[in-house]
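This report concerns only the one structure given below.
Nothing in this text is a laboratory measurement; each read-out follows from the coordinates by a stated rule. Computed from a predicted structure; not experimentally measured. Positions of Cβ are generated from backbone atoms using ideal geometry, with glycine treated the same way; all protein chains shown enter the neighbour counts.
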């Protein structure tokens, strides 16, 4: 049986290059619309390069944190991918 964290990782893994999803959208798709903070917790501990956690942003359009180089790096990657 998949855990909620597994569901989150599988959803984020499928976000295509040039697209983003909000923490809330990921949580909703994983089965719990109120678990946006849990999505953030899972992404904060993600070090799998196959899971593009930089493609998950806040509902207000801001970037949130990024453990692999900070917010500016996250913004730079999203620009390079055509998401901005």
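Would you pick out the residues in segment 31-62 that are closer than 17 Å to residue 16 by Cα and buried (at least 17 other Cβ atoms within 10 Å of the Cβ)?
43, 51, 52, 53, 54, 55, 56, 57
If you go through segment 29-84 one residue at a time, how many are part of a helix (DSSP H, G or I) and free of Cβ contacts under 8 Å to residues at least 60 places away in the same chain? Give the steps one after another, and end with the answer.
Residues of segment 29-84 part of a helix (DSSP H, G or I): 29-30, 36-44, 53-55, 70-81.
If we keep only those that are free of Cβ contacts under 8 Å to residues at least 60 places away in the same chain too, we end up with 29-30, 36-44, 53-55, 70-80.
Number of matching residues: 25.
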